[in-house]
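Input: a single structure, listed below in structure tokens.
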Amino acid sequence: MTEYRRPTFPVETYRDEQGGVIDYGNRWARDSPPDDAYSRMSNLQRFAPLHDVATALIEWLQSAFDVTVEETPTAATDFLLKPDDVVRAIRVVPRDPTAAPLTFVLTRFPAVYLHAGLLHDFHFPDCGCDACDDDLTGLAEELEWTVRTVVSGGYSERFDPWPGRWIEFRLDEPGAGMRSGRSRTKELPDERVTLARTSLPPAGQWLPWQELPQGNSDAIH
């Protein structure tokens, strides 16, 4: 199978108001962030390489798995809350309907939004404020891990037992990591919830994507 390779990031240095180098990801390791950091967003350009990561992931999925790939503005409607300032929207759908589809949206923020399966969206970064102190490498790793876990069959979406008022997701890669969460169904679009109740795979467990024989791939349409 074709291997995924992360694009090379440019090395950028960012400084705070006092001229000190900002060590993103460790900025508030010793102290809590100041109150105004929650409403301040600085050096957003550091997230721009996430677009390159998303593009590389899409190209890998296209070359390695039996999928259809469609780039169209309407793909952004796959998200529960349509993203603003969409630059690109790409839908990657396995031909096996028991495998979870993925939709990527690249925004001007810049950020990458990922819709997985039927009822869950993931954002990279999730917020982007100075208090969150997002590190580019960490975000790239999280995006890659999320895609890899979905593709390998480690993703599930389940309604809780009767009366089914919650929808839960779980990303699980044994030995590597796990992430889970849930939302109230009343907070989601009714038509999406109705479709999911009849369309999710058995027990909500999405299956692994089928690999392509070497040398076969479809172009993005």
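The single residue among Tyr4, Tyr38 that is over 20 Å from the mean Cα position of the chain (by Cα) and among the aromatic types (Phe, Trp, Tyr) turns out to be Tyr38. Within the stretch 1-38, take every residue that is part of a helix (DSSP H, G or I) and open to solvent by less than 100 Å² (accessible area, probe 1.4 Å) and give me the one that is farthest from Ala111 (Cα to Cα). Restricting to residues being part of a helix (DSSP H, G or I) and open to solvent by less than 100 Å² (accessible area, probe 1.4 Å), the top hit is Asp36.
For the stretch 201-221, a residue qualifies if it is in a loop (DSSP other than H, G, I, E, B), over 15 Å from Gly154 (Cα atoms) and either touching a Phe, Trp or Tyr at 6+ places or on another chain (Cβ under 7 Å) or modelled with pLDDT of 95 or more (or both), and exactly one does: Leu212. Exactly one residue out of Asp126, Asp52, Asp96 is among the charged types (D, E, K, R), touching a residue at least 40 places away in the same chain (Cβ under 8 Å) and either in a loop (DSSP other than H, G, I, E, B) or farther than 21 Å from Glu141 by Cβ (or both): that is Asp96.
Residue pairs whose Cβ atoms lie under 8 Å apart, sitting 6 or more positions apart in sequence or on different chains, and linking a residue in the stretch 161-182 that is over 11 Å from Thr146 (Cα atoms) and open to solvent by 100 Å² or more (accessible area, probe 1.4 Å) to a partner that is not in a strand (DSSP E or B) and not hydrophobic (A, V, I, L, M, F, W, C), are Arg165/Thr185; Arg165/Lys186; Pro174/Gly154; Arg182/Asp160.
Restricting attention to the stretch 130-144, the residues being of a type in the set (A, V, I, L, M) and open to solvent by 20 Å² or more (accessible area, probe 1.4 Å) number 1. Return a yes/no flag: does the stretch 82-90 have any residue that is under 30 Å from Pro189 (Cα atoms), surrounded by 15 or more Cβ atoms within 10 Å (Cβ to Cβ), in contact with a helix residue (DSSP H, G or I) (Cβ under 8 Å, 6 or more places away or on another chain) and modelled with pLDDT under 95. Yes, that holds for at least one residue.
The number of residues in the stretch 7-45 that are closer than 30 Å to Ser63 by Cα, out of contact with any Ser or Thr (no Cβ under 9 Å at 6 or more places or on another chain) and touching a residue at least 60 places away in the same chain (Cβ under 8 Å) comes to 1. Taking the stretch 61-81, which residues are in contact (Cβ under 8 Å) with a residue 60 or more places away in the chain, over 13 Å from Pro208 (Cα atoms) and open to solvent by less than 10 Å² (accessible area, probe 1.4 Å)? Residue satisfying the conditions is Val69 alone.
Listed here are the residues, each with its yes/no results for (1) within 19 Å of Arg91 (Cα to Cα); (2) touching a Pro at 6+ places or on another chain (Cβ under 7 Å); (3) of a type in the set (D, E, K, R).
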| site | (1), (2), (3) |
| --- | --- |
| Leu118 | yes, no, no |
| Cys127 | no, no, no |
| Cys132 | no, yes, no |
| Leu139 | no, yes, no |
| Trp162 | no, no, no |
| Arg165 | no, no, yes |
| Asp172 | no, no, yes |
| Gly177 | no, no, no |
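Could you list, in sequence order, the residues of the stretch 99-123 that are among the aliphatic types (A, V, I, L, M), in a strand (DSSP E or B) and within 27 Å of Arg165 (Cα to Cα)? Selection gives Leu102, Leu114, Ala116.
The values are calculated or read from the model by the stated rules, or taken from the named source; none is laboratory data. Just so we're clear, the structure is a prediction, and the values are computed from it rather than from any experiment. We place every Cβ from the backbone using ideal geometry, glycine too, and count neighbours over all the protein chains shown. Ligands, DNA and RNA are stripped out before the accessible areas are found, and what is left, the full protein with its side chains, is counted by its heavy atoms. Shrake-Rupley method; radii C 1.70, N 1.55, O 1.52, S 1.80 Å.
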